[in-house]
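The next block holds one structure in the form of C-alpha cells; read it before the comments.
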Amino acid sequence: MFKARVKMEVLRELVDVVSTLVTETKLQVSVDGIEVKAVDPSHVAMLVLNLKKTGFEEFTGDSTEIGIDVEKIKDVLRLSKPGDLLNLAYDGGKGKLEVSVGKIVRHMGVVDPAGITDPKVPNVNPPGKVVLKTDELRQGIRGSESISDHVTLTLDPEFFSMHSEGENDRLDLKIPKSELTLLEAKETVKSMYPLDFFSSMVKSISSAEEVTIFVGNEYPLKLEFSFAGGRGDARFLLAPRVEED
Amino acid sequence: MFKARVKMEVLRELVDVVSTLVTETKLQVSVDGIEVKAVDPSHVAMLVLNLKKTGFEEFTGDSTEIGIDVEKIKDVLRLSKPGDLLNLAYDGGKGKLEVSVGKIVRHMGVVDPAGITDPKVPNVNPPGKVVLKTDELRQGIRGSESISDHVTLTLDPEFFSMHSEGENDRLDLKIPKSELTLLEAKETVKSMYPLDFFSSMVKSISSAEEVTIFVGNEYPLKLEFSFAGGRGDARFLLAPRVEED
Amino acid sequence: MFKARVKMEVLRELVDVVSTLVTETKLQVSVDGIEVKAVDPSHVAMLVLNLKKTGFEEFTGDSTEIGIDVEKIKDVLRLSKPGDLLNLAYDGGKGKLEVSVGKIVRHMGVVDPAGITDPKVPNVNPPGKVVLKTDELRQGIRGSESISDHVTLTLDPEFFSMHSEGENDRLDLKIPKSELTLLEAKETVKSMYPLDFFSSMVKSISSAEEVTIFVGNEYPLKLEFSFAGGRGDARFLLAPRVEED
C-alpha cells in the first residue's frame, strides 16, 4: 500500500533524474519512504535514489514494489504548475497507480516489476572527492558538447578540471582548490567518461546548487547530490571510457 | 463597404477561433458588425461567430461578403504587438482587402465567396448545460491527449466530468456542482467527442475565463463563449462519436 | 599578437553580423582595433566591419591576421550570459585562438587566412540617403517575407518606402519625411533587392536603434550602422536585383 502527496518540483526532479537512465523503473516503497535503483540498458550507468517520508507532504506506505512507466508520470507533471501538489495512491497487485493533480485523476497501468532489471549496485569508492557548483559543471558540459563525445575529469591536490578534445579544438574547465567547496585528492587522479551520460545526469539535477564527484584513475565516477530540500539524495555511477594509447 | 479599426487581441482571437475549422472563410459584414459561419471539411464541427460593431474601435459597414484567407490575416497579426490597433478596409467586388498595422499596409487578394461553403447551422439544444472555468477544461484536455483520441463528457445533477480511456490508462476531470458556476442536468447525460476538434476549439479561446457547454445523450456538443470583452460571441457545434458496444 | 577582453553583447553582435555572409572570416588585427571584410560565396553582398580598441574592455594587438570559424565563437558565446566578459588571445602562426569565459577556456584551431577570400570593397555612393528606426525596418521585412523573395526600396524627396509584391498580395512600409531622422533625396530613386540577404543583414543588428540606408536607381544598397556603443561600425553592400520589364 502506498499513498502520498508530493510537491510537483520534487516529483519532477525525481522523474527527470530517473529518466536519464531508464523508461521503466521500480519504486521500492517502505514505511520510511521510497527508493529507486536503475541501470541503463548498456550497463554503463547506474542510479540509486532515495526520497524520505519527510520529503513528501503526506506519506503512508508499507513494503511494496510499483513498476512505473516514467513517461506517464511526466504526462501528469505537465498538467501541473510550480507549487502544485500531486497525490499518488496504489493498492498493490495489478491495480492501477492513481496520480492526481487539481481536479484531474489519472489511473495508470503498472508494469510488472518482475520484468524490470534490479541492479546490484557495486560499492565504488574512488580516492578523489570534489564538491563544486552545479552551474559551473553544467556550463563546462555544454561547452564540451561541441568538441567531443567524452570528457576527462581530473582531481589534483590543487584543482579540479574537466577537459575535452576534438581534432583541432580543446576545452577546459579548471577550478582551483580555493574556489571549490571541498577538494580531497592526495595525488592526481583522472578518468575519461562518456559525455552523453554525464551530460544527461548533470542536466537532470534541478535543485542542488552543489554536487559531489568522486574520481579515480580509469575508475567509475560517483556523482552524488541531494534534492527535496535535503530529504532526498541520489547517487549516479558511470563507467569510465578507457583511453586507447 | 467595410472599414474598421480593431485591437490586435480581438482580431487574433477571432482568427484563432475560425482557423480551428477552416483556412478560408466569409466575413458577413452588416451595419451592426460581422458574422462568420464555418464548417470543417469533414462536416464534424461548425462555428457561428459574431463580433458587434462595438467590439471594434471604429466600424463602418454595409451588407458585404468578404472571402478571406485566414493565414494572410495571421501574417499581419504577427507584425503587431499586444495593444496595437489594426485597420481593415474593403471596397467590395474584386478589390483588395487592406489590412494595416503601424506604418505597414498589406493589400490582400480576396477569395471568391461563391467558392466557400455557407453552412446551414442546425438548431441544437442538448438538455444538459454547464458553465465552467476554461483553464480547468484546458487542463483536462491536455491530460486526455496522452490517453486517447476521444473524450466522454458527462453532465450529472451533481457533477460535470470528462473522461478518456486508453488500453491501460484512464483520465478523469471531475468537478462537483459546488465548484461549477452553473450546472443544469435533470438526469445524467453523456456523449463521446473527437478530442482533436474539441481540443483545438478550447485552445483557440484566449480571453474567456468561462465557457458554457451543452451536452445530451449521443448528441452534438454545443460550446459557447464570449470574446472582445463580451461584444463578441461564438458557438461551436461538434458531432458526437457514437460508442460501439 | 592579440589579447583582448570584450563584453559578450559586443562579440555576439559582431559574430551575428559577420555570419550573415560567411562561416569563416579573417580578423585583421592592428594596434587600433580589428577589422573584418567579407563577401558571401555568390558575391551578392559584402561587409566591412570595424571595432575600435576602445570597444573592448582591454585590448593589446599588433598587425595580425586570424582566420576564424565563426560557428566556434558562437559555441563559446552560448556559454556566456548577458554581462559576461570574454577573453581572446592569439600568439600568431599556427597557434590556437584562446577564447575564455568564466572558468572555461576553449583553444580553437585557426583557419589558414590564405584560404579566405579578401574582398576588394568597391566605393559605392548611391545618391539617396535615409536614416530610420531599425525596428520599423525589421517589421517591414517580416511582413514582406510572406509576400515575395525581393523588396523594392524607394527614396523620394517626401518619403521612404519598402514594397513587396506577390501574385495577389502586396505589402508597403511607407514613412513620411517628417517621421524619419534624416532623408536626403533630390529625386525619386529606387532599386529592388533580394529579401533573404536584406533580411539577414537587418536581423543581425541588435544594438543600433537606427540604421542608415543609401539607395540609387538599380544600384547597390549601402546599409550602415554602429554597434558597441558607437565604438564599432559596419557597412553592408548588397547588389540590386534588376527588374525584368
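Every read-out reported here was derived from the displayed coordinates using simple, explicitly stated rules and does not represent laboratory data. Remember, it's a predicted structure, so these values are computed and weren't measured experimentally. FYI the Cβ positions are ideal-geometry reconstructions off the backbone, even for glycines, and counts take in every protein chain you see.
Cα centroids of the stretch C:191-229 and the stretch A:27-65: how far apart, whole angstrom?
59 Å
With charges set only on the Cβ (+1 for Lys and Arg, -1 for Asp and Glu), what does the dipole of chain C come to about its Cα centre, in debye to the nearest 20?
The dipole of chain C has a size of about 1020 debye.
Which of B:Tyr193, A:Gly166, A:Leu180 sits farthest toward the positive end of the charge dipole of the protein assembly as shown, with +1 on the Cβ of Lys and Arg and -1 on the Cβ of Asp and Glu?
Most positive-ward Cα: A:Leu180.
Contour minus end-to-end for A:Leu182 and A:Glu158, with contour as 0.36 nm per residue of separation and end-to-end as the Cα-Cα distance?
Contour length minus the Cα-Cα distance gives 7.5 nm.
Hey, what's the Kirkwood Rh for chain C if you take every pair of different alpha carbons, in angstrom?
19.0 Å
Could you give the semi-axes, largest first, of the ellipsoid that matches the stretch A:2-115, computed as the square roots of 5 times the alpha carbon gyration tensor eigenvalues and rounded to whole Å?
Over the Cα atoms of the stretch A:2-115, the semi-axes work out to 20, 16, 14 Å.
Taking a temperature of 20 °C and a viscosity of 1.002 mPa s, what whole-number D in µm²/s does Stokes-Einstein yield for the stretch A:58-183 with Rh from Kirkwood over alpha carbon pairs?
112 µm²/s
B:Arg5 to C:Glu209: FRET efficiency via 1/(1 + (r/R0)^6), r the Cβ-Cβ distance, R0 25 Å, to the nearest 0.05?
Computed FRET efficiency for B:Arg5 and C:Glu209: 0.35.
How big is the equivalent ellipsoid of the protein assembly as shown along its three axes, where each semi-axis is √(5λ) from the Cα gyration tensor, reported in whole Å from largest to smallest?
They are 49, 49, 18 Å, listed largest first.
Inter-copy label distances at A:Thr23, 7 Å along the Cα→beta-carbon direction, one decimal in nm, shortest first?
So the label point of A:Thr23 gives 3.4, 3.4 nm to the other copies.
Could you tell me which residue in chain B puts its beta carbon nearest the axis mapping B onto C, with the distance rounded to whole Å?
B:Pro82, 14
Which one of B:Leu27, B:Leu180, B:Leu132 has the biggest mean-square fluctuation once chain B is modelled by GNM with Cα springs under 10 Å?
In this elastic network of chain B, the residue with the biggest mean-square fluctuation among B:Leu27, B:Leu180, B:Leu132 is B:Leu180.
Taking the label point 7 Å from Cα in the Cβ direction, how far apart in nm is A:Glu179 from each other copy of itself, listed shortest first?
Taking the point 7 Å beyond Cα along Cα→Cβ, the inter-copy spacings are 5.0, 5.0 nm.
Under unit Cβ charges (Lys, Arg +1; Asp, Glu -1), what dipole magnitude, rounded to 20 debye, does the stretch A:109-245 have relative to its Cα centre?
The calculated dipole for the stretch A:109-245 is roughly 500 debye.
Given the DSSP H assignment, sum -39500 (n - 2.57) over each helix run of at least 4 residues in the protein assembly as shown and divide by its residue total; what's the result at 222 nm in deg cm²/dmol, nearest 500?
Computed ellipticity for the protein assembly as shown at 222 nm equals -4500 deg cm²/dmol.
Going Cα to Cα from C:Lys94, which lysines come in below 18 Å? Please leave out same-chain ones fewer than 8 positions away.
Of all the lysines, those that pass the test against C:Lys94 - Cα under 18 Å, at least 8 places apart if same chain - are C:Lys3, C:Lys26, C:Lys72.
In the stretch A:1-93, which GluC sites (Glu not before Pro) are in a loop and have at most 13 other Cβ atoms within 10 Å, using DSSP for the loop call?
Listed in order of number, the matching sites are A:Glu57.
When the label point is put 7 Å from the Cα of A:Asn123 along its Cα-to-beta-carbon vector, which residues of the stretch A:205-221 have a backbone N closer than 12 Å?
Label zone hits: none.
In straight Cα distance, which aspartates and glutamates are under 12 Å from A:Lys133, not counting same-chain residues fewer than 8 positions off?
A:Glu179, A:Glu209, A:Glu210
Using 7 Å Cα-to-Cβ label points, what is the A:Ser30/B:Asp91 separation (nm, one decimal)?
8.4 nm
Taking the simple approach of a point 7 Å from Cα along Cα-to-Cβ for both A:Asn217 and C:Thr60, what is their distance in nm?
3.9 nm
Give me the mean projected area, in nm² to one decimal, of the convex hull enclosing the Cα positions of the stretch A:128-238.
Reported value for the Cα convex hull: 6.4 nm².
Rounded if a/c is under 1.5, else prolate if a/b is larger than b/c, else oblate: which is the stretch A:11-59, with a ≥ b ≥ c the root eigenvalues of its Cα gyration tensor?
Judged from the Cα gyration tensor, the stretch A:11-59 comes out prolate (a/c at least 1.5, a/b above b/c).
Roughly what % of DSSP beta bridges within the stretch B:2-115 run antiparallel, to the nearest 5?
Antiparallel bridges make up about 100 percent of those DSSP assigns within the stretch B:2-115.
Pairs of alpha-carbon atoms within less than 8 angstrom and 6+ residues apart define the contacts here; what relative contact order does the stretch C:128-238 have, in percent?
The normalised contact order for the stretch C:128-238 reaches 29 percent.
For B:Asp149, place a label point 7 Å out from Cα along the Cα→Cβ vector, do the same in each other copy, and report the separations in nm, one decimal, smallest first.
Counterpart label points of B:Asp149 in the remaining copies fall at 3.7, 3.7 nm.
Go through the stretch C:168-205 and name the trypsin sites (Lys or Arg not before Pro) that are in a DSSP coil and have 13 or fewer other Cβ atoms within 10 Å of their Cβ.
Answer by residue number: C:Lys186.
Given a Förster radius of 35 Å and the C-beta distance between B:Lys174 and A:Ser42 as r, what FRET efficiency does 1/(1 + (r/R0)^6) yield to the nearest 0.05?
According to the calculation, E is roughly 0.20.
Relative contact order of chain A, please, whole-number percent, based on alpha carbon pairs below 8 angstrom and at least 6 residues apart.
21 percent
Under a Cβ-only charge scheme (Lys and Arg +1, Asp and Glu -1), can you give me the dipole magnitude of the protein assembly as shown about the Cα centre, in debye to the nearest 20?
Dipole about the Cα centre, nearest 20: 1400 debye.
Starting from the Cα gyration tensor of the stretch C:135-187, multiply each eigenvalue by 5, take the square root, and state the resulting semi-axes largest first in whole Å.
22, 12, 8
Which of the GluC sites (Glu not before Pro) found in the stretch B:163-192 are in a DSSP loop and have at most 11 neighbouring Cβ atoms, other than their own, within 10 Å?
For GluC sites (Glu not before Pro) across the stretch B:163-192 that sit outside H, G, I, E and B with at most 11 neighbouring Cβ atoms in 10 Å, the list reads B:Glu167, B:Glu187.
If you take the alpha carbon radius of gyration of the stretch A:177-219 and divide it by 2.2 N^0.38 Å, what ratio comes out, to two decimals?
Relative to the rule-of-thumb radius for its length, the stretch A:177-219 sits at 1.34.
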